[in-house]
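Quick one: this structure, given as structure tokens, is what I'll be asking you about.
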There are 2 protein chains.
Amino acid sequence: MAVPEKGVKLLDFWMSPFGQRCRIALAEKEVEYEYKEEDLSKKSDLLLKSNPVHKKIPVLIHDGKSICESLIIVEYIDEVFPGKTNILPSDPYARSHARFWADFVDKKVYDCGSKLFKSKSEALEELNKEFICILKTLETELGEKKYFGDDAFGLVDIAFAPFTSWFYTFEALGLSVEKECPKLAAWGNRIMERESVAKSLHEPTKIYDLFCELRKKFVDA
Amino acid sequence: MAVPEKGVKLLDFWMSPFGQRCRIALAEKEVEYEYKEEDLSKKSDLLLKSNPVHKKIPVLIHDGKSICESLIIVEYIDEVFPGKTNILPSDPYARSHARFWADFVDKKVYDCGSKLFKSKSEALEELNKEFICILKTLETELGEKKYFGDDAFGLVDIAFAPFTSWFYTFEALGLSVEKECPKLAAWGNRIMERESVAKSLHEPTKIYDLFCELRKKFVDA
């Protein structure tokens with residue numbers, strides 16, 4: 001998937017948790033890059049050409065080659081740009097462990113979380129229960145550690161970080177992460193102290209406003 | 001996820017395409033291991049203890065540590081056991097490219113393929129079209145190459161190989177892979193020449209028999 005571009009470019013959409021993962025990883029590695037916001041209702045030729053299979057953001061373009069799918073992009077960033085931080089640990093078992101939990105976030109958190117965003121009020125109670133169960137599983141994995149990668153901020157932290165800005169919206173839906181999963185909520189505050197995270201995420205209220213708008217349009221219409 | 005086991009052990013179920021991936025990877029690396037067939041209707045304590053999150057096979061247990069999720073297991077095998085073969089290429093872009101296509105197989109082939117297995121006759125035509133489209137995308141990626149990894153048999157070959165033994169059953173459902181995707185069918189024959197693949201897969205007729213049995217029980221009941 002070759003595209004005529006030099007340097008590093010990220011095709012993204014501001015509220016995408018998948019795009020935010022890439023932004024955090026690039027910031028951790030202190031990589032300079034060009035950010036290109038996509039209009040998802042009118043995708044650019046560059047996006048369609050660089051991700052012809054899924055036609056989705058985020059896409060990282062590096063020296064004319066495109067890399068797709070957020071966790072694959074984050075691993076690529078880790079392998080290509082040395083920087084101060086290692087996103088994946090060097091021990092193969094620890095790597096597989098990190099990949100397992102990042103995959104868990106992909107398979108469980110996004111699916112259930114976005115269902116919560118779109119669900120009719122009568123389905124909320126059941127979905128809330130399911131989502132709390134997912135969050136509690138993550139909290140058990142976090143335990144007393146500073147980060148999911150222990151003392152090192154790593155792949156799982158990056159995979160889950162974008163969803164912390166959804167917590168505020170979940171409160172409006174009757175799910176208090178602070179009450180149900182206090183350690184996870186504290187981790188969410190802790191990672192915001194990192195510049196890479198703080199500058200890649202958006203105000204939780206902005207997510208909430210968009211949520212209300214989408215809800216009016218699609219759920220309560 | 002520590003379990004009191006030494007050496008290498010694979011918890012698996014004979015017809016699982018995900019388990020077969022691990023068997024192929026272990027065979028490519030010439031790793032000796034203990035195979036433990038699981039009864040999925042009565043999962044062993046070892047399985048529940050070593051994959052408490054998903055409670056699914058395959059699980060690779062190596063020196064008392066368990067690794068879950070087939071593609072993560074295959075990468076682990078590649079990183080830990082040197083062997084003659086490298087499953088992932090050393091170049092980071094080529095690695096991300098291989099990961100992208102392995103992920104495509106995970107997201108598209110299994111979901112749509114297993115829907116085909118379970119669908120009522122009236123839904124078959126639509127599903128066949130969708131599945132052919134997925135296979136054609138893979139065939140375009142394969143092109144004139146010997147393997148998905150070019151001259152090297154690699155991650156994407158391992159990810160997709162188990163599904164070749166479903167092709168025979170697809171014929172019964174009105175989908176001829178040979179006719180629709182001749183290059184992919186030829187690749188399917190080519191990989192069977194590798195001992196690692198031949199000994200890890202089962203006779204396509206065995207899959208077909210099981211398919212008929214399950215169909216009688218769940219679809220046509």
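Would you call A:I61 more than 9 Å from every other protein chain (Cβ to nearest Cβ), in a loop (DSSP other than H, G, I, E, B) and either modelled with pLDDT of 95 or more or open to solvent by less than 20 Å² (accessible area, probe 1.4 Å) (or both)?
Working: more than 9 Å from every other protein chain (Cβ to nearest Cβ): yes; in a loop (DSSP other than H, G, I, E, B): no; either modelled with pLDDT of 95 or more or open to solvent by less than 20 Å² (accessible area, probe 1.4 Å) (or both): yes.
When the stated conditions are applied, A:I61 does not pass them.
Which residues, counting only those in the range A:95-124, are without any contact (Cβ under 8 Å) to a residue 12 or more places away in the chain and not aromatic (F, W, Y)? Give the steps one after another, and end with the answer.
First pass over the range A:95-124, keeping only residues without any contact (Cβ under 8 Å) to a residue 12 or more places away in the chain: A:95-97, A:100, A:107, A:111, A:114, A:121-123.
Once the filter is applied, which keeps residues that are without any contact (Cβ under 8 Å) to a residue 12 or more places away in the chain and not aromatic (F, W, Y), the range A:95-124 yields A:R95, A:S96, A:H97, A:K107, A:D111, A:S114, A:S121, A:E122, A:A123.
For B:E195, only one of the following conditions fails: (1) more than 15 Å from B:F148 (Cβ to Cβ); (2) in contact (Cβ under 8 Å) with a residue 60 or more places away in the chain; (3) surrounded by 14 or more Cβ atoms within 10 Å (Cβ to Cβ). What is its number?
Condition not satisfied by B:E195: (3).
Would you mind stating whether A:S165 is over 19 Å from A:S16 (Cβ atoms), away from chain B (no Cβ under 14 Å) and of a type outside the set (F, W, Y)? Working first, answer last.
Numbers: over 19 Å from A:S16 (Cβ atoms): no; away from chain B (no Cβ under 14 Å): yes; of a type outside the set (F, W, Y): yes.
No, not satisfied.
Which residue, of A:D111, A:D103, is within 16 Å of the chain's Cα centre (by Cα), within 21 Å of B:S70 (Cβ to Cβ), in a helix (DSSP H, G or I) and more than 11 Å from chain B (Cβ to nearest Cβ)? Lay out the reasoning, then the answer.
Details: A:D103 fails: more than 11 Å from chain B (Cβ to nearest Cβ).
Unique residue meeting the criteria: A:D111.
In this structure, does A:E75 turn out to be within 14 Å of chain B (Cβ to nearest Cβ) and either part of a helix (DSSP H, G or I) or under 16 Å from A:A27 (Cα atoms) (or both)? It would help to see each step written out before you state the result.
Values: within 14 Å of chain B (Cβ to nearest Cβ): yes; either part of a helix (DSSP H, G or I) or under 16 Å from A:A27 (Cα atoms) (or both): yes.
Yes: the conditions hold for A:E75.
Mind counting the residues in the range B:28-50 that are open to solvent by less than 20 Å² (accessible area, probe 1.4 Å), of a type outside the set (D, E) and within 19 Å of the chain's Cα centre (by Cα)? Step through it out loud before you land on a result.
Of the range B:28-50, the ones open to solvent by less than 20 Å² (accessible area, probe 1.4 Å) are B:28-29, B:38, B:47, B:50.
Within this subset, residues satisfying the condition of being of a type outside the set (D, E) are B:29, B:47, B:50.
Pick out the ones that are also within 19 Å of the chain's Cα centre (by Cα) and you get B:29.
The qualifying residues number 1.
Here's the yes/no breakdown for (1) within 22 Å of B:M192 (Cα to Cα); (2) among the polar types (S, T, N, Q); (3) in contact with a Ser or Thr (Cβ under 6 Å, 6 or more places away or on another chain):
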| position | (1), (2), (3) |
| --- | --- |
| B:P82 | no, no, no |
| B:S90 | no, yes, no |
| B:F100 | no, no, no |
| B:L124 | no, no, no |
| B:C133 | no, no, no |
| B:I158 | yes, no, no |
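Can you pull out the residues in the range B:114-134 that are hydroxyl-bearing (S, T, Y), more than 20 Å from the chain's Cα centre (by Cα) and surrounded by fewer than 16 Cβ atoms within 10 Å (Cβ to Cβ)? Break it down stepwise before answering.
From the range B:114-134, those hydroxyl-bearing (S, T, Y) are B:114, B:119, B:121; that's our starting set.
Next, only the ones that are more than 20 Å from the chain's Cα centre (by Cα) stay: B:119, B:121.
If the condition is that a residue be hydroxyl-bearing (S, T, Y), more than 20 Å from the chain's Cα centre (by Cα) and surrounded by fewer than 16 Cβ atoms within 10 Å (Cβ to Cβ), then B:S121 is the only one that fits.
Among what's in the range A:27-58 and is touching a helix residue (DSSP H, G or I) at 6+ places or on another chain (Cβ under 6 Å) and part of a helix (DSSP H, G or I), pick the residue that is farthest from the other protein chains (Cβ to nearest Cβ).
A:A27
Oh, and also: Among the residues in the range B:212-219, are any open to solvent by 20 Å² or more (accessible area, probe 1.4 Å), aromatic (F, W, Y) and touching a residue at least 12 places away in the same chain (Cβ under 8 Å)? It would help to see each step written out before you state the result.
Applying the first criterion (open to solvent by 20 Å² or more (accessible area, probe 1.4 Å)) to the range B:212-219 yields B:212-218.
Okay, now just the ones that are also aromatic (F, W, Y), so B:218.
With touching a residue at least 12 places away in the same chain (Cβ under 8 Å) added as a condition, the list becomes B:218.
Yes, the range B:212-219 has at least one match.
Could you figure out which of (1) more than 10 Å from every other protein chain (Cβ to nearest Cβ); (2) open to solvent by 30 Å² or more (accessible area, probe 1.4 Å); (3) over 30 Å from A:C68 (Cα atoms) isn't true of B:K84?
So B:K84 meets the others, but not (3).
Shifting gears a bit: Yes or no: the range B:173-182 includes at least one residue that is surrounded by 15 or more Cβ atoms within 10 Å (Cβ to Cβ), closer than 27 Å to B:S96 by Cβ and not aromatic (F, W, Y).
yes
Please go through the range B:174-221 and pick out each residue that is farther than 12 Å from B:T164 by Cβ and small (G, A, S).
Correct list: B:G174, B:S176, B:S196, B:A221.
The values are calculated or read from the model by the stated rules, or taken from the named source; none is laboratory data. If you're wondering where the values come from, they're calculated on a predicted model, not measured in any experiment. Neighbour counts run over all protein chains shown; Cβ positions are idealised from the backbone, glycine included. Keep in mind that these areas ignore ligands, DNA and RNA; they rest on the heavy atoms of the full protein, side chains included. Shrake-Rupley method; radii C 1.70, N 1.55, O 1.52, S 1.80 Å.
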